[in-house]
Amino acid sequence: MAFPLRASVAALALVALTACADHESGAELSTTGFGDATMNNTMIQSGEKDYVMDLAGRFSREVPDTVNFAFNSAVLDGQAQEILRRQAHWIRQFPEVRFRVFGHTDLVGSNAYNKTLGLRRAQAVVAYLGTQGISRSRLEAMVSYGKTRPLIQTTNEERQNRRTVTEVSGFVKRHPTVMNGKYAEVVFREYVKSAEWRHPPNKPVSVQVTEAPE
């Protein structure tokens, strides 16, 4: 029985070594997305997920969600700042909602450098939104895709790939509305306001009828 046991142990060790071969010694393991599955399951069970998706769709339809950058830069130009002011105006209307800013680069340069650059761009956006009255506790800039998700597949400089994207990520858990589970009211609040009848209440509407000459 000793031989089969030693063989099993050796096989397990070989599997472990093979699994480690994809990472250099001392390399940092990617933690992007860690815990997302649990979070998604919780959101689905509570009914939150559908409302987050509804709000995310509204945000991308009603304001530009993307700003672009010059090559090798995390500086926000005038056009980027104007877009972010529009984003901030929308975000201020929904104090119950959290957002993530994803940083991207083009395909020029190393993976490590571009990941850092993408993160700097996301942080620049979060900092600017903070100057527009948005609480930093509602904004995340700790995720960077670097150059792994280009819009345009080219190894040359490409402005469309040098971008950040702002997205709805969920609800502020301790906000009173959310604690009461009133997600639908958050999503549809502005729709209801925009559809309200503007005529003053309890005031009769006079209609003037003009007779046509015979």
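The values are calculated or read from the model by the stated rules, or taken from the named source; none is laboratory data. What you see is a predicted model; the values in this text were computed from it and never measured. Cβ sites come from the backbone with ideal geometry, for glycine too, and all protein chains shown count toward neighbours. When the accessible area is computed, the model is the full protein with side chains, heavy atoms only, and any ligands, DNA or RNA have been set aside. Shrake-Rupley method; radii C 1.70, N 1.55, O 1.52, S 1.80 Å.
Can you list residue pairs whose Cβ atoms sit under 8 Å apart, with the first residue in the stretch 59-71 being open to solvent by 40 Å² or more (accessible area, probe 1.4 Å) and the second being part of a loop (DSSP other than H, G, I, E, B)? Count only pairs 6 or more apart in sequence or on different chains.
ASN68/ARG162; ALA70/ASP77; ALA70/ARG162; PHE71/ASP106; PHE71/VAL108; PHE71/GLU157; PHE71/ARG162
Among the numbered conditions (1) more than 15 Å from the chain's Cα centre (by Cα); (2) open to solvent by 60 Å² or more (accessible area, probe 1.4 Å), tell me where LEU76 comes up short.
The number of the failed condition is (2).
Which pairs turn up if I take residues in the stretch 123-143 that are touching a residue at least 60 places away in the same chain (Cβ under 8 Å) and under 12 Å from THR166 (Cα atoms) and look for partners that are open to solvent by 30 Å² or more (accessible area, probe 1.4 Å) and in a loop (DSSP other than H, G, I, E, B) with beta carbon separation below 7 Å, at least 6 apart in sequence or on another chain?
Close Cβ pairs (under 7 Å, with a partner that is open to solvent by 30 Å² or more (accessible area, probe 1.4 Å) and in a loop (DSSP other than H, G, I, E, B)) amount to VAL143/THR32.
What are the residues in the stretch 152-161 that are among the polar types (S, T, N, Q) and surrounded by fewer than 18 Cβ atoms within 10 Å (Cβ to Cβ), if any?
Residues of the stretch 152-161 that are among the polar types (S, T, N, Q), as a first pass: 153-156, 160-161.
Within the stretch 152-161, GLN153, THR154, THR155, ASN156, GLN160 qualify.
Given (1) modelled with pLDDT of 75 or more; (2) at negative phi; (3) touching a helix residue (DSSP H, G or I) at 6+ places or on another chain (Cβ under 7 Å), identify the lone condition not met by SER137.
Unmet condition: (3).
Return the residue satisfying two criteria in turn: it lies in the stretch 121-134 and is part of a helix (DSSP H, G or I) and either of a type in the set (S, T, N, Q) or modelled with pLDDT under 90 (or both), and of such residues it is nearest to ILE91 (Cα to Cα).
THR131
If I go through the stretch 120-142 residue by residue, how many of them are charged (D, E, K, R), in contact with a strand residue (DSSP E or B) (Cβ under 9 Å, 6 or more places away or on another chain) and open to solvent by 50 Å² or more (accessible area, probe 1.4 Å)? Reasoning before the result, please.
Taking the stretch 120-142 first, the residues charged (D, E, K, R) are 120-121, 136, 138, 140.
Next, from what is left, pick out any that are in contact with a strand residue (DSSP E or B) (Cβ under 9 Å, 6 or more places away or on another chain): 120-121, 138, 140.
Next, from what is left, pick out any that are open to solvent by 50 Å² or more (accessible area, probe 1.4 Å): 120, 140.
The number of residues fulfilling the criteria is 2.
Just to be sure I understand, how many residues within the stretch 99-115 are in a helix (DSSP H, G or I) and open to solvent by 60 Å² or more (accessible area, probe 1.4 Å)? Before the answer, list the steps.
The first filter runs over the stretch 99-115 and keeps only residues in a helix (DSSP H, G or I), leaving 111-115.
Filter once more, keeping what is open to solvent by 60 Å² or more (accessible area, probe 1.4 Å): 111-113, 115.
The total comes to 4.
Return the total of residues in the stretch 74-98 being assigned to a loop (DSSP other than H, G, I, E, B) and touching a residue at least 12 places away in the same chain (Cβ under 8 Å).
7
Among (1) in a loop (DSSP other than H, G, I, E, B); (2) open to solvent by less than 50 Å² (accessible area, probe 1.4 Å), which single condition is ARG149 missing?
Only one criterion in (1) in a loop (DSSP other than H, G, I, E, B); (2) open to solvent by less than 50 Å² (accessible area, probe 1.4 Å) is unmet by ARG149, namely (2).
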